[in-house]
Amino acid sequence: ETEERGHRWAGLARAVGAAGRDRVHAMERERALRERVYRAFCAPRESFATNDEWNDYLEQREDIAFNLVEGIDQAETEERLRRVEVENADTIAANRAKEVEMEDAARPKASAMQIAEEEPELPEMAGNRAQRQKQLATLASGWSMELVKKRAIQEAFDCLVVPVMF
């Protein structure tokens, strides 16, 4: 998904020229950093007793995001974010698994027979034959979204391993 977004931004970066390219890359960097921070700060509103506690939580989240984006106290800010990621490791992994499930549910399911039966509507679509054959081969090999989901969950847990320094 991140790679897909990167390609989208790359087209924009080429279109706006060298000066705009730097801004586009800065925007993509900020988006990625904020996404990382928001994934770590994943406590729902209901887990706070008062509005003041909730607002303090949001302020802490924004302080970390701002410092990372602007390059302020990088080492200290990264350490603060790592502590939050360790504290919320289970919730982060569960949220990532939910995202994968939602993405899987949103995709239309197609069987090998459905793909084989599809015919191109226009003559210029005849070049899709190789793509259809590739899809059929993929399905016939036993590939499924379930495998993708399991791998994403495993990767979510693997990325939460924090190195222990002695």
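How do 149, 98 rank by accessible surface area computed with a 1.4 Å probe, from largest to smallest?
Ranked list, largest accessible area first: 98, 149.
Given R₀ = 25 Å, what would the calculated FRET efficiency be for residue 107 paired with residue 32, taking r from the Cβ atoms and rounding to 0.05?
Once the sixth-power term is evaluated, E becomes 0.55.
Subtracting the Cα-Cα distance from 0.36 nm times the residue separation, let me have the gained length for residue 153 to residue 56 in nm, one decimal.
31.8 nm
Could you tell me whether segment 39-106 comes out rounded, prolate or oblate from its Cα gyration tensor? Rule is a ≥ b ≥ c as square roots of the eigenvalues, rounded for a/c under 1.5, then prolate if a/b exceeds b/c, otherwise oblate.
Oblate is the answer for segment 39-106, as a/c is 1.5 or above yet b/c matches or exceeds a/b.
Given a 1.4 Å probe and heavy atoms of the protein chains only, how would you sort 64, 72, 92, largest accessible area at the top?
72, 92, 64
Take residue 78, project a point 7 Å from its Cα along the Cβ direction, then tell me which residues of segment 32-47 have their backbone nitrogen under 20 Å from it.
Of the residues in segment 32-47, 32-41 have backbone N under 20 Å from the label point off residue 78.
The values are calculated or read from the model by the stated rules, or taken from the named source; none is laboratory data. Model, not experiment: these values are computed from the prediction. Ideal geometry is used to build each Cβ from the backbone, glycine not excepted, and the neighbour counts take in all protein chains shown. Surface areas here come from the heavy atoms of the whole protein model, side chains and all, with no ligands, DNA or RNA. Shrake-Rupley method; radii C 1.70, N 1.55, O 1.52, S 1.80 Å.
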